Amino acid sequence: MTRIPSLRAQRAALVEACLPAPSSRLPGLSTLDLSGFWQRFDDAAPAHLRAGMMAATVAFAALAPVSLRRATRLEQLAPEEWERLFHVASRLPLFDDLIMLTKVVACLAYFDDDDVQDAVREEVTS
């Protein structure tokens, strides 16, 4: 997937939409620099996880124009459009699994960030 810039941007948008800011003290995933995470993911994640993430990206990219009734790319969706897209997808066969896979990757990306790890440690110990 790293060789296809448009899929890379859509994959990032999909993952970021799955994990909004968890609290006022923790940053949202969309505010983090995930370039290092994605490079490690592409280089070292198991092939089935990379393939699953690619399948999720392609499936959501195909579903978005149909469910939103307009031509669009995932990285252009507003938060309310993401909510609508996830709602539609959750009622379709196999999309629940793709949503779960995307949430797992989102959590891996989020907790890969050193500042997030520090903030969580601080919140847990205070």
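Among the candidates 41, 60, 37, which residue alone is touching an Asp or Glu at 6+ places or on another chain (Cβ under 8 Å), in a helix (DSSP H, G or I) and buried (at least 17 other Cβ atoms within 10 Å of the Cβ)?
On inspection, the qualifying residue turns out to be 37.
Quick check: anything in the range 28-38 touching a Lys or Arg at 6+ places or on another chain (Cβ under 8 Å) and closer than 30 Å to residue 115 by Cβ?
For the range 28-38, residues touching a Lys or Arg at 6+ places or on another chain (Cβ under 8 Å) and closer than 30 Å to residue 115 by Cβ: present.
Please enumerate the residues belonging to the range 13-34 that are among the charged types (D, E, K, R) and either out of contact with any helix residue (DSSP H, G or I) (no Cβ under 9 Å at 6 or more places or on another chain) or in a loop (DSSP other than H, G, I, E, B) (or both).
25, 33
Within the range 87-126, how many residues turn out to be modelled with pLDDT under 90, surrounded by 12 or more Cβ atoms within 10 Å (Cβ to Cβ) and either touching a Lys or Arg at 6+ places or on another chain (Cβ under 9 Å) or not in a helix (DSSP H, G or I) (or both)?
2
Looking at (1) over 30 Å from residue 125 (Cα atoms); (2) outside any helix (DSSP H, G or I), which one does residue 54 not meet, given that it meets all the others?
Result: residue 54 fails condition (2) only.
Which condition number in (1) touching a helix residue (DSSP H, G or I) at 6+ places or on another chain (Cβ under 7 Å); (2) under 20 Å from residue 111 (Cα atoms); (3) not charged (D, E, K, R) is the one that residue 82 fails?
Against the list (1) touching a helix residue (DSSP H, G or I) at 6+ places or on another chain (Cβ under 7 Å); (2) under 20 Å from residue 111 (Cα atoms); (3) not charged (D, E, K, R), residue 82 comes up short only on (2).
Which numbered condition in (1) farther than 24 Å from residue 31 by Cα; (2) of a type in the set (Ser, Thr, Tyr); (3) outside any helix (DSSP H, G or I) is the only one that residue 72 fails?
The single condition residue 72 does not satisfy is (1).
Within the range 67-80, which residues are at pLDDT 90 or above, over 15 Å from residue 15 (Cβ atoms) and aliphatic (A, V, I, L, M)?
78
The values are calculated or read from the model by the stated rules, or taken from the named source; none is laboratory data. Since the structure is predicted, the reported quantities are computational estimates derived from the model, not experimental observations. Using ideal geometry, Cβ is built from the backbone for each residue, glycine included, and neighbour counts are taken over all protein chains shown.
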